[in-house]
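The values are calculated or read from the model by the stated rules, or taken from the named source; none is laboratory data. These numbers were taken from a predicted model, which means no experiment stands behind them. Glycine gets a Cβ as well: all are built from the backbone with ideal geometry, and neighbour counts include every protein chain shown. Ligands, DNA and RNA are stripped out before the accessible areas are found, and what is left, the full protein with its side chains, is counted by its heavy atoms. Shrake-Rupley method; radii C 1.70, N 1.55, O 1.52, S 1.80 Å.
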Amino acid sequence: MAQKLAIFNMKGGVGKSATATNLAAGLVKFKKKKRVLLVDIDPQGTSGASLGIPIWKLETQLKDVLQSAPEETQTLLKAAIVSTPGGVDILPSNILLAVEEIAISGLPGRENLLKRALSAIEAQYDYILIDCPPNIGVFSINALKASDGVLVPVDMSYVGLLGIRGVEYAFDLVKNFLEHEIRIVGVLATRYDGRKNISRDVLKSLQDHFGDRMFKTIIPDTVKISEAPSFGSSIFEHDPNGAGAKAYRELMNEVLKRW
Ligand SMILES: Nc1ncnc2c1ncn2[C@@H]1O[C@H](COP(=O)(O)OP(=O)(O)OP(=O)(O)O)[C@@H](O)[C@H]1O
Ligand SMILES: [Mg+2]
């Protein structure tokens with residue numbers, strides 16, 4: 001059975017998609033025999049687009065899988081999953097996932113649609129990463145319920161630090177109302193710039209609050225990480241010897257130890 005990790009934070013722009021895509025690409029590149037699926041449950045479609053998937057031309061996508069009758073799920077998964085040249089399998093989305101949000105929210109068992117769908121293919125993968133949207137709506141709930149661990153990226157801003165309370169509250173809601181215990185695999189400091197007081201202060205506050213649950217790896221704020229998606233590439237193709245690739249490779253090893 002695959003290990004399943006959701007990348008979640010309700011705050012936008014913290015590096016969820018950068019982390020999901022680069023982790024997925026790193027697992028394929030450095031753990032050669034491992035099979036990796038990246039699920040994009042964010043209607044922004046950032047994960048697929050960042051790894052070069054033409055997300056505006058999808059004939060079948062995650063929304064179709066989520067709404068499928070059980071006997072169609074396998075076929076739709078097969079039609080929807082696309083492989084990148086780097087070898088990451090992606091179950092992509094685009095804005096049409098948002099268009100279907102009300103319909104999906106009305107389905108019986110709405111919180112477990114992704115979990116149900118993944119059970120049909122998870123035997124084919126070692127790792128499944130799920131990139132969440134920046135909210136705690138039905139799609140994030142599906143991701144949290146389908147996963148057995150969560151990675152929480154936090155950017156080095158005051159607002160990012162404030163958002164932690166909301167994230168913890170959201171995890172409590174899922175635990176209390178949906179009887180699903182969330183295991184935080186780790187909290188990840190992202191977009192760190194050691195020249196800035198705000199980066200150092202936010203990192204220190206996070207370390208004080210989370211202790212061992214913080215990843216030791218810190219993702220630096222780099223131009224190369226921000227421009228890689230515009231080439232449809234992970235950081236390992238775009239700048240293999242730079243600080244971003246080094247950090248994401250370290251993170252991959254740390255995730256594998258804690259997962
Ligand atoms: N370490 C980094 N250094 C520089 N730029 C980064 C870094 N991580 C992410 N970015 C850039 O910051 C922006 C937001 O990153 P990303 O899309 O990964 O965040 P997100 O949390 O997935 O956002 P959303 O909540 O909208 O889904 C993007 O333009 C991305 O390229
Ligand atoms: Mg994103």
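Descriptive notes on the structure:
- Cα centroid of region 1-75 to Cα centroid of region 118-138, whole Å: 7 Å
- The residues neighbouring residue 92, those whose beta-carbon lies less than 13 Å from its own, together hold a net charge of -4 under the Lys/Arg +1, Asp/Glu -1 convention.
- Within straight-line reach of residue 63, meaning a Cα separation under 28 Å, sit the following lysines at least 8 residues removed in sequence or on another chain: 4, 11, 16, 34, 78, 115, 145, 175.
- Helical runs assigned H by DSSP (4 residues or longer) give the chain a calculated mean residue ellipticity at 222 nm of -13500 deg cm²/dmol, each run adding -39500 (n - 2.57) before division by the residue total.
- Its Cα gyration tensor gives region 3-258 an equivalent ellipsoid, and the semi-axes of that ellipsoid, as √(5λ) in whole Å with the largest first, are 28, 22, 16.
- Its residue count N sets the reference 2.2 N^0.38 Å, and the alpha-carbon radius of gyration of region 143-259 equals 1.14 times that reference.
- Kirkwood-based shape ratio for region 22-145, expressed as Rg/Rh from alpha carbons: 0.94
- When all alpha carbon pairs of region 87-135 are counted in 5 Å bins from zero, the resulting P(r) reads 4, 14, 24, 28, 18, 10, 2, 0 %.
- Peptides 206-212, 88-94 ordered by packing proxy, namely the average of other Cβ atoms within 10 Å per residue, highest first: 88-94, 206-212.
- Size of electric dipole in region 3-258: Cβ of Lys, Arg +1 and of Asp, Glu -1, about Cα centre, debye, nearest 20: 780 debye
- Neighbourhood net charge (13 Å Cβ-Cβ; Lys/Arg +1, Asp/Glu -1) for residue 219: +1
- Amide hydrogen proximity for residue 186: with H placed 1.01 Å from N in the peptide plane, the residues at 5 or more positions away or on another chain lying under 5 Å are 150, 152.
- Cut-off 13 Å between beta-carbons: net charge of the residues surrounding residue 16, Lys and Arg +1, Asp and Glu -1: -2
- Rolling a 1.4 Å probe over the heavy atoms of the protein chains gives region 3-258 an accessible area of 46 Å² per residue.
- Per-atom-type breakdown for region 3-258 gives carbon and sulfur 53% of the accessible area (1.4 Å probe, protein chains only).
- Relative to the longest principal axis of the Cα atoms of the chain, the long axis of helix 70-80 makes an angle of roughly 50 degrees.
- Among 19, 44, 3 - extreme Cα towards positive end, dipole of region 1-62, charges at beta-carbon: 3
- Annotation: the antiparallel percentage among DSSP beta bridges lying fully within the chain is about 5.
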